[in-house]
Amino acid sequence: MADPALKSPHMPGPQPVEKNTLRPVPTSQTAAPPLLSTSRYEIGDPIFKLAVLACALTILALLGLIVYELMFRSAMSWHAFGFKFFVGSNWDPVQEQFGALPFIYGTLVSSLLALLMAVPLAVGVAVFTTEMCPPILRGPLSFFTELLAAIPSVIYGLWAIFVLVPILRTYVQPFLARTLGWTSLFQGPPYGYGMLAAGIILAIMIVPIISSITREVLTAVPRHQREAALALGATRWEMIRVAVLRNGRAGIVGAVILGLGRALGETMAVTMVIGNRPEIAKSLFAPGYTMASVLANEFSEATGDVYLSALIEIGLALFLVTIVVNALARFLLWTVTRGQSMRANLA
Amino acid sequence: MTGVATLTVILVLAPLIAIFGYLVYRGIGSINWAFLTQTPKPVGEPGGGMANAIVGSAFILTIASVVGVPLGIGAGIYLAEFGRNRFGDSIRFTADVLNGVPSIVIGIVAYSIVVLQQRHFSALAGGVALAIMMIPTISRTTEEMLLLVPQALREAAYGLGIPRWRTALSITLRTATSGVLTGVMLAFARVAGETAPLLFTAFGNQFWNLRTDQPTAALPLQIFSYAISPYDEWHRQAWAGALVLIVLIVSAVAAVRFAVRRGSFGTP
């Protein structure tokens with residue numbers, strides 16, 4: 001940012017100015033003779049630049065380190081099982097047979113279930129706050145959303161165990177089984193714990209993320225688009241549909257995908273309610289298992305190198321999927337806001 | 001349609017209010033002096049508390065901040081002052097990508113670079129895991145805050161012959177202090193409640209520990225293991241722990257909001 005200013009013809013370059021005003025500028029080491037501090041000024045900038053560059057390079061190095069460690073430590077499992085690892089559904093640490101399909105299935109189903117519930121709600125909330133919310137409510141509403149993002153997932157899990165699961169077990173699941181049991185999605189004993197509980201708690205967790213980013217996207221829609229729609233005689237709802245939602249389409253999809261990325265990697269709350277059984281069941285009442293929760297439950301107890309390596313391979317798969325999903329989301333959001341700084345990184 | 005939109009707001013707010021309300025209700029009912037001052041008792045014995053976990057969390061978070069905050073701020077300075085180019089963009093993108101990496105995967109990495117070298121679970125490994133999560137967030141917010149500082153301020157400093165490094169540290173960073181601190185506190189609040197990356201790094205401990213190379217208790221870990229236990233007494237303590245955790249996090253965030261609002265940092 002500062003570069004062009006320094007190079008512009010109106011600005012004096014830094015070097016000559018420094019030499020003229022060496023003495024008046026105090027340094028922390030005033031005891032040093034002035035001549036020495038001349039050289040210190042000249043090396044100060046390169047040293048500073050190197051130091052902050054090193055910090056910035058840490059970020060690149062971290063990503064490299066993650067990729068390297070995951071690939072290096074999962075190599076044994078990759079050699080032993082190859083691609084079969086991702087299509088096999090037998091997870092047997094005792095026989096050292098590892099197939100990750102039940103976990104992949106559980107991760108996908110619970111996340112999609114969460115999106116199904118969260119997206120309409122989140123978009124609705126975003127539309128409400130940008131288009132029809134009385135200004136008095138806007139502040140508290142955004143503060144509340146911020147607060148929600150700050151609740152640790154272990155607390156969501158705690159609440160789910162003691163409130164959500166009993167409610168599901170006694171009221172919701174018997175009701176669903178009675179009314180929609182024929183679809184085979186809602187069959188079997190109502191444990192409470194299971195895929196449905198995981199989907200609901202995930203939905204509660206990702207609504208704030210999706211709605212806050214959608215809100216930013218909708219706010220970025222130019223005012224004159226709205227005014228044009230209204231001038232053409234559109235009602236408020238038609239204006240929202242034609243001018244706001246259609247213009248923000250790509251950004252909303254980006255927000256949804258970002259929420260998906262969050263749901264895929266969510267660990268604690270899901271682990272606490274999904275039931276943790278590595279099986280693929282059709283019914284949403286049945287217990288399942290996700291990639292993140294198998295890591296949480298079994299990693300510190302994994303005995304044997306192949307077992308550990310298989311778990312790390314699950315971690316690698318999870319990592320790659322979330323990278324792709326997040327990159328896609330960032331790209332979509334970027335096309336909407338044109339590189340404008342998004343607060344999305346805080347969500 | 002207005003009704004539908006309003007309904008979604010109610011549907012979204014309901015569980016959130018329920019979570020907060022129930023948390024406060026159960027937490028206040030379970031918290032007491034012993035909880036805040038004692039270590040866990042064995043199963044079946046009543047009483048005991050999470051004092052070691054509260055201190056352990058603070059310890060791990062201190063390690064994480066010592067490692068993560070300077071690196072994050074340094075990277076933010078680089079992005080704001082030198083990073084207006086392709087290379088800067090690639091770092092920015094990498095930071096955003098790192099932000100989306102599931103925390104449990106970060107735990108695996110901390111496990112393999114610290115635990116496997118030290119040969120046992122440790123507070124250091126937990127701190128490193130949390131630091132890895134803090135760095136991208138802090139660097140991006142620091143950059144945003146530094147960019148808000150008017151260019152004229154920098155130019156004035158250069159005009160006085162102040163070298164660039166001095167300008168960046170004493171003028172730009174100084175001006176943006178409260179904004180940068182907000183970013184740091186938000187990152188801090190975010191990792192304070194993290195459980196997944198600590199499961200196989202800090203691991204948890206029933207006793208006091210303030211050594212970096214030993215397993216250490218952490219509040220979120222303790223809440224997790226008590227919540228999935230079958231004992232009512234432990235459930236009670238899990239709620240009390242959750243209340244303590246949320247109060248710590250919310251007060252950190254609120255303190256920052258308050259400080260920023262009162263601070264001298266005017267948005268240009």
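Read-outs throughout are calculated quantities, based only on the coordinates presented, and are distinct from any laboratory measurement. The model shown is predicted, which means the values in this text are computed figures rather than measured ones. Glycine gets a Cβ as well: all are built from the backbone with ideal geometry, and neighbour counts include every protein chain shown.
Data overview
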| quantity | calculated |
| --- | --- |
| Residue exposure sequence - B:Trp165, A:Trp182 - by fewest surrounding Cβ within 10 Å | A:Trp182, B:Trp165 |
| Per-residue average of Cβ from other chains inside 10 Å of B:154-161 | 5 |
| Where trypsin sites (Lys or Arg not before Pro) fall in DSSP loop in the range B:165-268, at most 15 other Cβ within 10 Å | B:Arg211 |
| Efficiency of FRET from Cβ geometry, B:Thr39 and B:Ile10, R₀ 45 Å, rounded to 0.05 | 0.55 |
| Span-like helix ranges in chain B, DSSP H, alpha carbon extent 15 angstrom or more, Kyte mean at least -1.0 | B:2-30, B:51-81, B:86-100, B:123-148, B:177-192, B:232-262 |
| For a label point 7 Å along the Cα-to-beta-carbon line of A:Glu301, residues of the range B:99-122 with backbone N under 18 Å | B:121 |
| Footprinting exposure proxy for A:Cys133, A:Cys55 (fewest neighbouring C-beta atoms within 10 Å first) | A:Cys133, A:Cys55 |
| Cα centroid separation, the range B:70-85 to the range A:270-292 (Å) | 43 Å |
| Sum of side-chain charges, A:Gly188 neighbourhood, beta-carbon under 15 Å (Lys, Arg +1; Asp, Glu -1) | +3 |
| Sparsely packed chymotrypsin sites (Phe, Trp or Tyr not before Pro) within the range A:81-180, loop by DSSP, other Cβ within 10 Å at most 16 | A:Phe83 |
| Cα shape, the range A:53-117, gyration tensor, a/c 1.5 rule | oblate |
| Relative contact order of chain B, defined on C-alpha pairs under 8 angstrom at six or more residues apart (%) | 27 percent |
| Relative packing of peptides B:84-90, B:158-164 - highest average C-beta neighbours within 10 Å first | B:158-164, B:84-90 |
| Chain B shape via C-alpha gyration tensor axes, a/c threshold 1.5 | prolate |
| A:Ile43 versus A:Leu108: modelled label distance in nm, points set 7 Å from Cα along the beta carbon direction | 5.9 nm |
| Computed FRET value (nearest 0.05) for B:Ser178 with B:Tyr231, which takes r as the C-beta separation and R₀ as 41 Å | 0.35 |
